[in-house]
Structure formats: C-alpha cells, structure tokens
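Please treat every number below as a calculation from the coordinates, not as lab data. What you see is a predicted model, and the numbers here were worked out from it, not measured in a lab. FYI the Cβ positions are ideal-geometry reconstructions off the backbone, even for glycines, and counts take in every protein chain you see.
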Amino acid sequence: MKELHISVAAEPIAHLGWLTITNSLFTTLFVTAILLVLAVWVKRSKRTPTIIYMLTETFYNFIHGILGKYTDTLFPIVFTFFLLIMIGNWIGLLPIVGPVGIYEHTEKGEVLIPLFRGPNADLSTTIAYALISVGLTQYFGIKALGAKGYFSKFINIRNPMNFVLGILETIQEFSKIISFSFRLFGNIFAGEVLLVVIAFLVPLLMPVPFLALEVFVGFIQALVFTVLTAIFIAVAIEPQHH
C-alpha cells in the first residue's frame, strides 16, 4: 500500500533568488493567469457570452443590495475577490493536484513534491487575502470620511464609554484578519484532506459525493468571504453617528 502524504505547510518547488516558489503560490499564479486570459477574451469578444453576462449581472445586483451607490466603484474589486477565491478552491479538487509533481531526494528516499496545491489550502494565501480585505476597508473608509472622521471611531476620548468602544473597534478590526484567514483555510484544507483520505481508502466511486460537496463548499466560502468584505467596506464608508 502506498504511503498517504498530507502536508499542512505549502512545499517549495523552486527558488528565484531570495524568493521561494511554493506549490500553492505556483497554483495561485496559474489561477491568476486563467482569470487574465478570460478577461482579455471577454473584452475582445464582439459579444459577451450570455452565460458570463447573466452570472455577472446576477452578482452585480446581489452586491448592489449591500454597497448601494458605491457598487460601480467597488464591484470590480469584490467580484475579482470572488472569482479568485472560488476558482482557487475548485482547482484544488482537480486530479492534477497531488499526483503531478517532482521527486526530491531526502533522507527517506525519493519523495514526490506536488507541483499544484489548492491556493486556499495554504494559510499564507488566506492571510494575504485577509490583509488585502481589511486594508481595503481602511482605505475606502478613510477616502469616504477623511482620516479624522474615520479614525474617530477607534480613538475617541469624549467620554469613557466612547474610549472603551474605540478599543473594542480596534480589536475587532485586527480579529477580522484572523477570522477571514482561518475560516477560509480551515474549510478548504479540511475538505481536501477528506477527499484525499476517502480516495486513499476507497478509490472508486465513493469520493464522488464528497467531491460534489466540496464544489459547493468552495462556492459558499468564496461567497462568504466576498460578502463579508463588501459588508465591512459598506459599514466603514458610512458616516459615524455618535
């Protein structure tokens, strides 16, 4: 029986000077290339394919209910988030993830290092997404309210109650990074491990229902991350009422 290999950390597959290319980073670049090719194809097409138009319009109307008049400005950002995370989740379910790789000589002999790894099954990737999401929230909050107006909810010494609420607001902003990153990483990594274990134990048709479930989970996790980002931005750009 072959050995079951599961790694929590992303594995390095190449080095470019000081930069280490891990399999999750390589897959993220691959997903980004897919989105760029799709964007160029849609832009150059004389007529947008109906299915793409319908899906984009549906998502736009959904986000409009959250962002309102700011939708036109913020829709490209949140939609890119959604596509990048969703495709990243789904690509981790493809058969090329795991079996396709390069062999490295170690103390235990030759070990197969997967060339592809689900981007969001790497905590580094989800932390990067969380930092971008929270960073964008601060940026648009400052842009809409001004630095003084925005930061007044964090630093307010008018009375003790406002001061305590400001501390809680600050803690909440930092906790978003942990919540965003670990929620996405935990769900996607656990799902991929489940599929690997099921396929290892029962390699025929048994993994199919779990695969369908993970496709749905990948969509939901991308939607949750995107919606929460949109909600936090919408809250940040609204004037503070004391």
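³J(HN,Hα) across segment 19-29 via Karplus (A = 6.51, B = -1.76, C = 1.60, θ = phi - 60°), whole Hz, x for Gly/Pro?
8, 9, 8, 8, 5, 6, 5, 4, 5, 4, 5
Modelling each spin label as a point 7 Å along the Cα-to-Cβ direction, I'd like the PHE210/LEU131 distance in nm, to one decimal.
So the two model labels end up 3.3 nm from each other.
From the backbone phi of segment 38-55, what are the Karplus-calculated ³J(HN,Hα) couplings (6.51 cos²θ - 1.76 cosθ + 1.60, θ = phi - 60°) in whole Hz, Gly and Pro given as x?
Working through the residues one at a time gives 4, 5, 5, 5, 5, 5, 7, 5, 5, 9, 5, x, 4, 5, 5, 4, 5, 5 Hz.
Long-range amide H contacts for ILE13: which residues qualify at under 5 Å (H placed 1.01 Å from N, peptide plane, sequence gap of 5 or more or a different chain)?
Answer set, sorted by chain and number: ILE21, THR22, ASN23.
In nm, give the distance between the simple-model label positions of ILE171 and GLN138, each being 7 Å from the Cα along the Cα-to-Cβ direction.
So the two model labels end up 1.9 nm from each other.
Would you please classify the overall shape of segment 26-147 from the alpha carbon gyration tensor, given that a ≥ b ≥ c denote the square roots of the eigenvalues, rounded means a/c under 1.5, and beyond that prolate means a/b larger than b/c while oblate covers the rest?
The shape class here is oblate.
What's the exposure ranking of THR226, THR170, going from fewest to most Cβ atoms within 10 Å?
Fewest to most other Cβ atoms nearby, the residues stand as THR170, THR226.
Let me know the shape class of segment 12-237, please: from the alpha-carbon gyration tensor, a ≥ b ≥ c as square roots of the eigenvalues, rounded when a/c is under 1.5, otherwise prolate if a/b is greater than b/c, or oblate.
Judged from the Cα gyration tensor, segment 12-237 comes out prolate (a/c at least 1.5, a/b above b/c).
Apply 1/(1 + (r/R0)^6) to the Cβ-Cβ distance of THR20 and HIS64, taking R0 = 45 Å, and write down the FRET efficiency to the nearest 0.05.
Working from the Cβ atoms, E equals 0.65.
Grab the Cα-Cα distance for VAL217 and SER124, subtract it from 0.36 nm times how many residues apart they are, and report the gain in nm with one decimal.
Stretched out fully, the VAL217 to SER124 stretch lengthens by 31.5 nm.
What is the fewest-to-most order of TRP41, TRP18, TRP90 by other Cβ atoms lying within 10 Å of their Cβ?
TRP18, TRP41, TRP90
Test of understanding: ordering PHE75, PHE225 by Cβ neighbours within 10 Å, fewest first, what list do you get?
By the 10 Å Cβ count, ascending, the order reads PHE75, PHE225.
Going by Cα centres, segment 44-92 and segment 164-196 are how many Å apart?
23 Å
Using a 7 Å offset from the Cα along the Cα-to-Cβ direction at both VAL227 and ASN159, what is the distance between the two label points in nm, to one decimal?
Result for the modelled spin labels: 3.6 nm.
List every residue whose amide H lies under 5 Å from the amide H of GLY98, counting only residues 5 or more places away in sequence or on a different chain, with H placed 1.01 Å from N in the peptide plane.
LEU115, PHE116
What number, rounded to the nearest 500 deg cm²/dmol, is the helix-based mean residue ellipticity at 222 nm of the chain, given -39500 (n - 2.57) per DSSP H run of at least four residues and division by all its residues?
Using -39500 (n - 2.57) per qualifying helix, the result is -24000 deg cm²/dmol.
Multiply the residue gap between ILE52 and VAL197 by 0.36 nm, knock off their C-alpha separation, and tell me the result in nm, one decimal place.
Roughly 48.7 nm would be gained on extension.
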